[in-house]
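Have a look at the structure below before the remarks.
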Amino acid sequence: MAFAHTVGGTRYVFPDLRTLLARASPFRSGDALAGIAALPEAERVAAQRALADLPLRHFLAEAVVAYEDDDVTRLILDGHDATAFAPVASMTVGQFRDWLLSDAATAQALAALRPGLTPEMVAAVSKIMRIADLIAVAAKCRVVTRFRNTLGLPGTLSVRLQPNDPADDPRGVAASTLDGLLLGAGDAVIGVNPATDNVETTIRLLELLDTIRGRYAIPTQTCVLAHVTTTLAAIARGAPVDLVFQSIGGTEAVNRSFGVSLALLAEAREAALALKRGTLGDNVMYFETGQGSALSADAHHGVDQQTLEARAYAVARAFQPLLVNSVVGFIGPEYLYDGKQIMRAGLEDHFCGKLLGLPMGVDVCYTNHAEADQDDMDALLTLLGVAGVTYVMGVPGADDVMLNYQSTSFHDALAVRAALGKSPAPEFAGWLERMGIGTEATFPPALSPALIGLG
Amino acid sequence: MAEPPAGLRRFTAARVALGRAGNALPTAAHLDFVEAHAMARDAVHAALDVAGLAAELRALGLDPVVVASRAADRHIYLVRPDLGRALDDASVARLARCDPPLALVIADGLSATAVQRHAAPFLAEALPRLARIDVAAGPAVIALQGRVALGDAIGAALGAEAVAVLIGERPGLSAPDSLGLYLTWNPRPSRTDAERNCISNIRPAGQPYAQAAETLAWLVGEMRRRRLTGIALKDERPAALSAPAASGRLGEGR
């Protein structure tokens with residue numbers, strides 16, 4: 001179906017829904033690289049006005065990636081709940097935006113609506129929202145998940161402790177982990193990206209993290225962010241796996257490029273559930289996503305990167321994850337060029353994830369070939385804190401020495417918690433208190449490095 | 001204020017035990033970070049000293065040809081990786097077909113600093129080792145605003161049996177000058193990263209020149225015996241010889 005709108009005397013025509021969504025997207029380098037960005041600016045506002053007039057029902061009639069070709073589209077449309085959708089079924093995208101911002105859209109109303117929303121509806125409304133709108137609506141969403149603690153409660157902001165080491169040296173990982181614990185990080189997960197993705201390394205790191213967690217009795221979960229097949233092999237060999245990690249995207253083809261399928265993710269979830277390691281809940285999956293991943297795998301089907309990112313969240317929500325985060329600035333400047341683009345994308349991702357019911361975190365980050373610096377990260381981190389982000393990353397000194405990019409530090413997380421009056425997850429906050437971890441920069445006896453062999 | 005336990009620093013190159021100024025970094029640690037970021041940014045934007053590099057290569061017995069990708073400047077290079085993978089028209093004419101066994105491409109990539117510092121000293125170690133297995137490496141092609149896959153276009157133009165691309169890796173704060181090497185059998189423009197083998201972090205403080213040169217000679221020997229590169233070759237190599245990142249992490253454009 002074609003759409004059209006006239007701006008400044010020029011009539012702009014958009015042949016189908018995916019083109020309309022792409023042209024309505026605020027500018028970012030990845031959509032220009034794909035050749036689908038609006039040009040000139042007037043075309044963007046024409047697309048935004050046409051999109052604002054589009055009934056939400058239309059998203060159930062026209063898919064951006066063909067139903068027959070793509071299992072993510074089938075997951076989205078087959079799983080749509082018409083009853084949950086009913087309260088907004090007669091709205092246009094523009095009316096939906098106004099409703100989201102109104103007092104009628106309470107936390108309860110937003111939660112009840114989730115199964116009735118498709119990722120394309122959520123992406124569409126985000127394209128006609130400003131940053132302030134994205135923050136205001138996300139802040140109303142409540143998403144709580146549990147494994148060994150409770151994440152996402154109002155007034156909390158959690159941290160993934162990311163103790164990566166370029167050689168997967170267990171002592172290096174342990175040292176960074178202790179540094180982070182001393183600075184109050186680790187309630188979301190203690191999660192290592194392995195430098196070498198093989199079963200032996202993964203098992204060695206899993207055992208190390210489990211030892212640290214056990215020795216200090218930390219109410220949190222651990223994860224080695226290996227490929228899902230590596231984690232399945234580790235489970236088969238009896239390794240202590242709390243969470244199954246995987247990078248995912250918004251089309252069947254991008255997931256294939258990651259070496260995964262929906263069936264494989266389901267199998268991995270069953271395997272992790274069977275271990276029964278969660279004490280408070282059974283959210284056992286951890287997903288990472290990022291705008292641009294589908295284009296970089298040539299798996300984008302002409303759909304804009306922000307809409308595809310929202311579709312990745314439809315994959316995530318099918319597996320009831322404990323944690324989901326966008327790695328917003330990691331994929332590079334050919335997708336998000338500078339601090340401005342990274343900032344908007346981070347807030348869009350958080351908004352879309354939360355509206356779809358995900359425990360959404362953001363890796364607030366950039367690479368050295370992007371036009372961004374730590375000031376941009378401070379701004380995005382603070383805005384996400386106001387928006388109620390579930391968790392952010394904690395990397396020693398904000399410098400990941402294995403992945404060669406800059407994220408947020410343990411210090412940054414402390415600063416934003418203090419500025420916004422946020423606390424860690426309650427079980428973890430209690431542990432920090434029992435251990436005597438506070439503002440002192442020395443190790444309390446209970447957290448002595450010697451207890452794990454770092455004398 | 002009590003100092004943090006600096007003992008942790010013995011175990012990791014990560015920025016641990018930095019201390020605290022309230023919830024922020026102490027001034028010295030803050031400025032250390034700013035300095036490292038400036039070095040990495042400068043490495044990304046540094047221009048390659050082509051004359052200097054060419055002179056070093058001539059001293060090794062190579063007579064380099066200089067070519068350019070279709071990315072006209074650094075900004076275009078950063079936002080249009082597709083153009084960094086394609087040869088510009090003028091360059092195509094400079095590459096005469098000579099059917100070499102192993103063409104060498106030296107590309108600025110994301111760190112001209114890395115190429116300037118490490119390409120020639122690495123080749124000084126690698127060329128004799130390749131000669132010992134009867135591989136006369138060359139010709140050498142210096143490529144400006146080049147991505148890894150530009151080597152496929154160059155290799156195809158030369159009629160090369162294989163191509164080794166030496167390229168500046170994405171700079172991190174701890175290492176703005178990491179040199180990467182990508183080896184591709186039967187180079188042509190449709191090759192994917194899964195069809196290459198990679199030796200990364202070539203620099204004295206990372207993978208030393210001689211060690212990387214040994215690895216390259218081993219890979220080239222196996223490549224010529226089995227007539228392929230990529231995942232199929234990786235599987236039989238020792239763990240120390242890493243292939244392109246294949247972890248669960250989202251990929252980054254090369």
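Evaluate the following for A:ALA174: is it touching a His at 6+ places or on another chain (Cβ under 6 Å) and modelled with pLDDT of 95 or more? Please lay out each step first, then the result.
Details: touching a His at 6+ places or on another chain (Cβ under 6 Å): no; modelled with pLDDT of 95 or more: yes.
No: the conditions fail for A:ALA174.
Say whether the condition of being modelled with pLDDT under 95 and more than 7 Å from chain A (Cβ to nearest Cβ) is met by at least one residue in region B:56-65. Yes, some residue in region B:56-65 is modelled with pLDDT under 95 and more than 7 Å from chain A (Cβ to nearest Cβ). Checked against the criterion of being assigned to a loop (DSSP other than H, G, I, E, B) and modelled with pLDDT under 95, region A:332-354 has at least one qualifying residue.
Determine which member of the set B:VAL92, B:VAL105, B:VAL44, B:VAL66 is β-branched (Val, Ile, Thr), within 19 Å of B:ALA160 (Cα to Cα) and either part of a helix (DSSP H, G or I) or open to solvent by 70 Å² or more (accessible area, probe 1.4 Å) (or both).
Values: B:VAL105 fails: either part of a helix (DSSP H, G or I) or open to solvent by 70 Å² or more (accessible area, probe 1.4 Å) (or both); B:VAL44 fails: within 19 Å of B:ALA160 (Cα to Cα); B:VAL66 fails: either part of a helix (DSSP H, G or I) or open to solvent by 70 Å² or more (accessible area, probe 1.4 Å) (or both).
From the options B:VAL92, B:VAL105, B:VAL44, B:VAL66, the qualifying one is B:VAL92.
Scanning region A:59-99 for residues that are under 14 Å from A:ARG18 (Cα atoms) and open to solvent by 30 Å² or more (accessible area, probe 1.4 Å) yields A:LEU60, A:ALA61, A:GLU62, A:ALA63, A:ALA66, A:TYR67. Checking region A:422-432 against the condition returns no match, with no residue being crowded, with 24+ Cβ neighbours inside 10 Å and within 9 Å of chain B (Cβ to nearest Cβ). Any idea which residue in region A:363-386 is nearest to A:SER176 (Cα to Cα), counting only those that are crowded, with 24+ Cβ neighbours inside 10 Å and away from every other protein chain (no Cβ under 14 Å)? The selected residue is A:VAL364.
Against the condition within 13 Å of chain B (Cβ to nearest Cβ) and among the polar types (S, T, N, Q), how does A:THR439 come out, does it pass? Yes.
Just a yes or no: is a residue in region A:437-446 in contact with a helix residue (DSSP H, G or I) (Cβ under 7 Å, 6 or more places away or on another chain), over 26 Å from A:GLY281 (Cβ atoms) and in a helix (DSSP H, G or I)? Checked region A:437-446: at least one residue is in contact with a helix residue (DSSP H, G or I) (Cβ under 7 Å, 6 or more places away or on another chain), over 26 Å from A:GLY281 (Cβ atoms) and in a helix (DSSP H, G or I).
Please list, ordered by residue number, the strands (runs of 3 or more DSSP E) wholly in region B:110-211 having 3 or more residues that are farther than 22 Å from B:ALA40 by Cβ and under 16 Å from the mean Cα position of the chain (by Cα).
Numbers: elements: B:140-144, B:162-168, B:179-185, B:196-202.
Where strands (runs of 3 or more DSSP E) fall fully within region B:110-211 and carry at least 3 residues being farther than 22 Å from B:ALA40 by Cβ and under 16 Å from the mean Cα position of the chain (by Cα), they are B:140-144.
When you check A:ALA419 against the structure, is it within 21 Å of A:GLY172 (Cα to Cα) and either modelled with pLDDT under 95 or within 13 Å of chain B (Cβ to nearest Cβ) (or both), yes or no?
Values: within 21 Å of A:GLY172 (Cα to Cα): no; either modelled with pLDDT under 95 or within 13 Å of chain B (Cβ to nearest Cβ) (or both): yes.
So A:ALA419 fails the test.
Quick check on A:MET343: is it away from every other protein chain (no Cβ under 14 Å) and open to solvent by 10 Å² or more (accessible area, probe 1.4 Å)? When the stated conditions are applied, A:MET343 passes them. Within region A:396-412, the set of residues being more than 8 Å from chain B (Cβ to nearest Cβ) and aliphatic (A, V, I, L, M) comprises just one member, A:MET402.
Exactly one residue out of B:SER190, B:SER200 is of a type in the set (Gly, Ala, Ser) and either open to solvent by 50 Å² or more (accessible area, probe 1.4 Å) or without any contact (Cβ under 8 Å) to a residue 12 or more places away in the chain (or both): that is B:SER190. Within the set A:LEU451, A:LEU432, the sole residue that is over 29 Å from A:ARG142 (Cβ atoms), in a helix (DSSP H, G or I) and out of contact with any strand residue (DSSP E or B) (no Cβ under 9 Å at 6 or more places or on another chain) turns out to be A:LEU451. A:SER126 - would you say it is farther than 30 Å from A:THR19 by Cα, buried (at least 20 other Cβ atoms within 10 Å of the Cβ), among the small types (Gly, Ala, Ser) and more than 14 Å from chain B (Cβ to nearest Cβ)? Against the criterion (farther than 30 Å from A:THR19 by Cα, buried (at least 20 other Cβ atoms within 10 Å of the Cβ), among the small types (Gly, Ala, Ser) and more than 14 Å from chain B (Cβ to nearest Cβ)), A:SER126 does not qualify. Can you confirm whether region B:209-222 contains a residue that is modelled with pLDDT under 95, farther than 19 Å from A:VAL401 by Cα and hydroxyl-bearing (Ser, Thr, Tyr)? Checked region B:209-222: at least one residue is modelled with pLDDT under 95, farther than 19 Å from A:VAL401 by Cα and hydroxyl-bearing (Ser, Thr, Tyr).
Considering only residues in region A:48-58 that are part of a loop (DSSP other than H, G, I, E, B) and not basic (Lys, Arg), the one that is surrounded by the fewest Cβ atoms within 10 Å (Cβ to Cβ) turns out to be A:ASP53. In region A:198-227, the residues that are on the phi > 0 side of the Ramachandran plot reach residues that are crowded, with 21+ Cβ neighbours inside 10 Å with C-beta atoms within less than 9 angstrom, at least six apart or across chains, in these pairs: A:ALA217/A:TRP431.
Annotation: of all residues in region A:163-189 being at the interface with chain B (Cβ under 10 Å from one of its Cβ atoms) and among the hydrophobic types (A, V, I, L, M, F, W, C), the one that is farthest from B:LEU18 (Cα to Cα) is A:ALA167. Whether a residue is within 14 Å of chain B (Cβ to nearest Cβ), among the aromatic types (Phe, Trp, Tyr), closer than 30 Å to A:GLY332 by Cβ and open to solvent by less than 10 Å² (accessible area, probe 1.4 Å) was assessed, and A:PHE258 does not pass this test.
Residues of region A:221-254 that are away from chain B (no Cβ under 12 Å) and either closer than 19 Å to A:ALA294 by Cα or acidic (Asp, Glu) (or both): A:ASP242, A:GLY250, A:THR251, A:GLU252, A:ALA253.
The values are calculated or read from the model by the stated rules, or taken from the named source; none is laboratory data. Everything numeric in this text was worked out from a predicted model, so none of it was measured. Ideal geometry is used to build each Cβ from the backbone, glycine not excepted, and the neighbour counts take in all protein chains shown. Heads up: the accessible areas ignore ligands, DNA and RNA and are worked out on the full protein's heavy atoms, side chains in. Shrake-Rupley method; radii C 1.70, N 1.55, O 1.52, S 1.80 Å.
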